1. Which members of segment 27-56 meet the condition of being open to solvent by 100 Å² or more (accessible area, probe 1.4 Å), under 19 Å from F112 (Cα atoms) and either of a type in the set (D, E) or within 13 Å of the chain's Cα centre (by Cα) (or both)?
2. For segment 151-198, what are the residues that are of a type in the set (D, E) and over 16 Å from F99 (Cα atoms)?
3. Which condition number does I74 fail, the rest of (1) modelled with pLDDT of 75 or more; (2) more than 30 Å from T197 (Cβ to Cβ) being met?
4. Which number in (1) modelled with pLDDT under 90; (2) part of a helix (DSSP H, G or I); (3) of a type outside the set (S, T, N, Q); (4) touching a strand residue (DSSP E or B) at 6+ places or on another chain (Cβ under 6 Å) marks the one condition that I66 misses?
5. Scan segment 93-108 for residues that are touching a strand residue (DSSP E or B) at 6+ places or on another chain (Cβ under 7 Å) and either among the acidic types (D, E) or open to solvent by 50 Å² or more (accessible area, probe 1.4 Å) (or both) and report the count.
6. For segment 172-198, what are the residues that are under 17 Å from the mean Cα position of the chain (by Cα) and either under 26 Å from K146 (Cβ atoms) or modelled with pLDDT of 80 or more (or both)?
Amino acid sequence: LHDILPLIEKYLAGLPAGEIHEKPKDLGLKPLPGKYNFSINENLEEKSNIIVKLNHYDTITERKVIAFSALENILDMKLKEELRQKQGLIYSWYVACRFYSVQPSPYSQITFYFTCAPENVDRVVGGLKAILKNLRETRLSKEKIKAIQKIELNQSRRTRHDNNWWSHALRDFVMLDQDLNTLMEYEDYIQELTPVTL
């Protein structure tokens, strides 16, 4: 990061700003409050697609991004163990934990995607609720935390070699007026993950 800052100052900060200074405009792009159920019936095949979204308004920091990424890996493991391997309820699954820097109300969102047999929809949703309840009430073991830390370190080191990741990170941090140096403190944040913080 220290190597790139002089280049940013030289090539980007030196560009003429012009006379128009745009300010963020609130377009009302916010997730719906409360609980909503939507059903779309397409008689294509005997398969149901389930999408569950959990929204929460929260400020964004690099420490929280790391913890959220760790949560995504934990949820993926739990879904695989419980709903796929033990109960055989789902064909496929995907979980995404994301922060959205939509001004002036940044928010976080956890999205679950499942495909299953139509008759298993209620059982899958019930199973997901049980997994979430268990995670809230039971702390993870130290061994599980160490495994998650190893995954997070590998992912974080890999993503920081990707130009798209840097482009999005720099944009978000500038928009949110945050310290860019925290982007390189990810290893410290990963080591701070404990059964209490997750």
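1. K53, H56
2. Let us first name the residues in segment 151-198 that are of a type in the set (D, E), namely 152, 162, 172, 177, 179, 185, 187-188, 192.
Hits for segment 151-198 are E152, D162, D179, E185, E187, D188, E192.
3. (2)
4. Going through the list (1) modelled with pLDDT under 90; (2) part of a helix (DSSP H, G or I); (3) of a type outside the set (S, T, N, Q); (4) touching a strand residue (DSSP E or B) at 6+ places or on another chain (Cβ under 6 Å), I66 breaks only (4).
5. Pass one, segment 93-108, residues touching a strand residue (DSSP E or B) at 6+ places or on another chain (Cβ under 7 Å): 93-100, 105-108.
Applying the additional criterion that residues be either among the acidic types (D, E) or open to solvent by 50 Å² or more (accessible area, probe 1.4 Å) (or both) yields 93-94, 98, 100.
Residues in segment 93-108 being touching a strand residue (DSSP E or B) at 6+ places or on another chain (Cβ under 7 Å) and either among the acidic types (D, E) or open to solvent by 50 Å² or more (accessible area, probe 1.4 Å) (or both): 4 in total.
6. From segment 172-198, those under 17 Å from the mean Cα position of the chain (by Cα) are 172-173, 183, 186, 189-190, 193, 197-198; that's our starting set.
The answer is L183, Y186, Y189, I190, L193, T197, L198.
The values are calculated or read from the model by the stated rules, or taken from the named source; none is laboratory data. Bear in mind the structure is a predicted one, so any value in this text is a computation, not a measurement. Every residue, glycine as well, gets a Cβ built from its backbone with ideal geometry; the counts of neighbours run over all protein chains shown. Side chains included, ligands, DNA and RNA excluded: accessible areas come from the protein's heavy atoms. Shrake-Rupley method; radii C 1.70, N 1.55, O 1.52, S 1.80 Å.
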